[in-house]
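Presented below is the structure to which this report refers.
The values are calculated or read from the model by the stated rules, or taken from the named source; none is laboratory data. All of these numbers come straight from a predicted model, not from anything done at the bench. Here the Cβ positions follow ideal geometry from the backbone for every residue, glycine too, while neighbour counts run over all protein chains shown. The protein model used for the area step is the full one, side chains on, heavy atoms only, and it has no ligands, DNA or RNA in it. Shrake-Rupley method; radii C 1.70, N 1.55, O 1.52, S 1.80 Å.
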Amino acid sequence: MSKISGPDTKQIQYDRQLRLWGDHGQKALEAGRVCLIGANALSTEILKALVLPGLGSFTIIDHQLITLEDCGSNFFVHPSMIDQPRARVTCELLKQLNPDVHGTYVDKPCIDDLLKQNTFDFAQFNVVITANLPLNTLVILSSHLWSLKIPLLVARAYGFIGTIRLQVVEHHIIEAHPDDTIPDLRLDHPLKSFVNHCNSVDFNSLTREQHLHMPSLIILYKTLQQWQKQTNRIDIPRTRKERDEFKQILEQLSHHSAYDASDLNKSLENFDEAKRVIPSRLVNTTIPSTINNLFQDRSCLELSNQSHMFWFIINAMKLFTQNEGQGLLPVRGEVPDMVTNTNSYVKLVEIYQEQAKKDCETIHNYLIDLLKQHNRFSTMSSNEAATLHELVHIYCKNATFLNVMRTASITNEDDSLKKLIEQIPLESSSDESESEVSWYIGLRLCDAFYEKFNRYPGEFPLSTNDETNSDQRQLEIDFSDLKQIGKQLFNSDRQQSSIRENIVEELCRYGASELHSISAF
């Protein structure tokens, strides 16, 4: 007698996250190669959040040595480590969090020299992350990564605020994992096998147990059939009046001759559930605008041998909707839990999963034809070809939520920022002026301050009690200089309307300090 195998060590270790993003997401994470520039508190918190769930590998680039200031802001370093390479120390400590993760570091030369020499291979990474990198270095790096089409995630912690900025030429969203979704049950365009199954149910001949455990999905469809017959319609009820008519028929179906006097005051859970889920079941099945946009995207319309597999599958899905799908996406094949018995529920699941399997197979055939037409299939390895069916299944299962993200490059951000400032009213309330945009503009002023003075406003060594007054005077000078920089960078009136003095003053007071709690958040 064979033993039933339990979960392996990896499944136990990563159980919580597997419930969030599934096996496919975990495989993607374990294949991930991340480059992180900067070994400060923010960077170590970022890597910690990736190392613990099982990132494939990471490389830290940082040429600096650990200072007393690092010990005050970063829980990963200790005063006994002062003057040791930050990259090496943080890399070793982070690897201890998860022995399965491979970590390396580069502590010579600095990132500026690496970019000048152009000898470091950034193309080996899936994503590059920076932590509190100066703007002039960031612009050079972002331009280089943009040409390589490597995503860049710019993270920054500055006092009590922080920013995250993504630069990506094109990112394909396949498994979005949305929180609230409407089940793909298609009562307005019912599956033939589902209709046949419902037609085999005769409410008048049901036993008491069968009526008590009738799935709410079948109850709703049988109600819809009667409503359509009474109103001579073929669609679903839309107005409040039509929904009230629908509910009256539903109430009539809840009564049954098999019930005795003791059942009259009992609540029928399956019928109560049917009433409750009407808003999410009686909906029009359509193709979302985001998917239509993908179908009309130039990358979908103009496939080539170099096109990403995402666009081949989108094109195959488009062919399906135009033909076998009759204007609809493939069936996702998921049936929500409902009040019924096991056999009735399993039968519904089989109906929808069988149709989903057929739709997936059709799209897979379209995909193979497209790959052959563009001489792509012959160049694929046997492993790549073997995984195509599973890949198509993942796309079909998430068909409604597929999307593509494209961002502007950081190099062109100044022009976008100036346009944004021009749209801000000259007269605005205090709340409006202290929006996220205002703080972001303030941070850009701090970057300009750094380029001019090689330090951030309010950033100077810790002082003794006797030097406190001189620090206050320096803070006032920095405050004045920062306001002047703002007037030079932007139109004076616009700059003053988009960022108030209290924000400038607060940024000076931060002194580019890095708080570990803010970095962790």
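Determine the pairs where a residue that is under 18 Å from His171 (Cα atoms), located within the stretch 135-150, has a partner that is hydrophobic (A, V, I, L, M, F, W, C) and open to solvent by 50 Å² or more (accessible area, probe 1.4 Å) with Cβ atoms under 6 Å apart, the partner being 6 or more residues away or on another chain.
Sorted first by the residue in the stretch 135-150, then by its partner, the pairs are Leu148/Ala123.
Is it fair to say Thr342 is crowded, with 19+ Cβ neighbours inside 10 Å and either of a type outside the set (A, V, I, L, M, F, W, C) or at pLDDT below 95 (or both)? I'd like the intermediate steps shown before the answer.
Values: crowded, with 19+ Cβ neighbours inside 10 Å: no; either of a type outside the set (A, V, I, L, M, F, W, C) or at pLDDT below 95 (or both): yes.
No; evaluated as a whole, the condition is false for this residue.
What number of residues in the stretch 301-315 are part of a loop (DSSP other than H, G, I, E, B), buried (at least 17 other Cβ atoms within 10 Å of the Cβ) and under 24 Å from the mean Cα position of the chain (by Cα)?
Step one: of the stretch 301-315, the residues part of a loop (DSSP other than H, G, I, E, B) are 302-308.
Going one step further and asking which of them are buried (at least 17 other Cβ atoms within 10 Å of the Cβ), we end up with 303, 307.
After this cut, where a residue has to be under 24 Å from the mean Cα position of the chain (by Cα) as well, the list is 307.
Qualifying residue count, the stretch 301-315: 1.
Please state which one of Asp70, Asp113, Asp107, Asp62 is more than 20 Å from Ser409 (Cβ to Cβ), assigned by the TED database to the domain that holds Lys27 and loosely packed, with under 14 Cβ neighbours inside 10 Å. Give the derivation first.
Working: Asp70 fails: loosely packed, with under 14 Cβ neighbours inside 10 Å; Asp107 fails: loosely packed, with under 14 Cβ neighbours inside 10 Å; Asp62 fails: loosely packed, with under 14 Cβ neighbours inside 10 Å.
Every option except Asp113 fails the conditions.
Mind checking whether some residue in the stretch 321-337 is within 30 Å of Leu268 (Cα to Cα), more than 28 Å from the chain's Cα centre (by Cα) and open to solvent by 30 Å² or more (accessible area, probe 1.4 Å)?
Checking the stretch 321-337: not a single residue is within 30 Å of Leu268 (Cα to Cα), more than 28 Å from the chain's Cα centre (by Cα) and open to solvent by 30 Å² or more (accessible area, probe 1.4 Å).
For Val349, work out the one condition from (1) part of a loop (DSSP other than H, G, I, E, B); (2) at pLDDT 95 or above it doesn't fulfil.
Unmet condition: (1).
Closer than 16 Å to Asp272 by Cα and open to solvent by less than 10 Å² (accessible area, probe 1.4 Å): does that describe Ile219?
Numbers: closer than 16 Å to Asp272 by Cα: yes; open to solvent by less than 10 Å² (accessible area, probe 1.4 Å): yes.
In short, yes.
Do we have Ser257 as surrounded by fewer than 13 Cβ atoms within 10 Å (Cβ to Cβ), within 30 Å of Arg208 (Cβ to Cβ) and of a type in the set (S, T, N, Q) here?
Details: surrounded by fewer than 13 Cβ atoms within 10 Å (Cβ to Cβ): yes; within 30 Å of Arg208 (Cβ to Cβ): yes; of a type in the set (S, T, N, Q): yes.
Considered against the rule, which asks whether it is surrounded by fewer than 13 Cβ atoms within 10 Å (Cβ to Cβ), within 30 Å of Arg208 (Cβ to Cβ) and of a type in the set (S, T, N, Q), Ser257 comes out as yes.
If I ask for residues that are touching a Ser or Thr at 6+ places or on another chain (Cβ under 7 Å) and within 17 Å of Ala131 (Cβ to Cβ), which ones from the stretch 78-90 would you list? Give the derivation first.
Going residue by residue through the stretch 78-90, those that are touching a Ser or Thr at 6+ places or on another chain (Cβ under 7 Å) are 82, 90.
Across the stretch 78-90, the qualifying residue is only Thr90.
What's the number of the condition Ala49 fails, among (1) farther than 22 Å from Asp15 by Cα; (2) assigned to a helix (DSSP H, G or I); (3) aliphatic (A, V, I, L, M)?
Every listed condition holds for Ala49 apart from (1).
Determine if the stretch 201-214 includes at least one residue that is in contact with a helix residue (DSSP H, G or I) (Cβ under 7 Å, 6 or more places away or on another chain), open to solvent by less than 80 Å² (accessible area, probe 1.4 Å), within 30 Å of Pro288 (Cβ to Cβ) and modelled with pLDDT under 95.
Checked against the condition, which is being in contact with a helix residue (DSSP H, G or I) (Cβ under 7 Å, 6 or more places away or on another chain), open to solvent by less than 80 Å² (accessible area, probe 1.4 Å), within 30 Å of Pro288 (Cβ to Cβ) and modelled with pLDDT under 95, the stretch 201-214 yields no hits at all.
Report, by residue number, each residue of the stretch 423-451 that is loosely packed, with under 11 Cβ neighbours inside 10 Å, in a helix (DSSP H, G or I) and modelled with pLDDT of 60 or more.
Glu436
Okay, residues lined up against (1) out of contact with any helix residue (DSSP H, G or I) (no Cβ under 8 Å at 6 or more places or on another chain); (2) outside the structural domain of Leu217 (by the TED database); (3) among the aliphatic types (A, V, I, L, M); (4) in a helix (DSSP H, G or I):
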position: Lys275; (1), (2), (3), (4): no, no, no, yes
position: Asn293; (1), (2), (3), (4): yes, yes, no, yes
position: Ser299; (1), (2), (3), (4): no, yes, no, yes
position: Met317; (1), (2), (3), (4): no, yes, yes, yes
position: Gly325; (1), (2), (3), (4): no, yes, no, no
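Search the stretch 329-346 for residues that are in contact (Cβ under 8 Å) with a residue 60 or more places away in the chain and pair each with any residue that is open to solvent by 30 Å² or more (accessible area, probe 1.4 Å) and among the basic types (Lys, Arg) when their beta-carbon atoms are under 7 Å apart and the residues are at least 6 apart or on different chains.
Arg332/Lys397; Gly333/Lys397
Can you name the number of the only condition in (1) under 22 Å from Leu42 (Cα atoms); (2) modelled with pLDDT of 80 or more that Asn403 fails?
Every condition holds for Asn403 apart from (1).
Of everything in the stretch 482-502 that's surrounded by fewer than 16 Cβ atoms within 10 Å (Cβ to Cβ) and among the polar types (S, T, N, Q), which residue is modelled with the lowest pLDDT?
The extreme case among them is Ser492.
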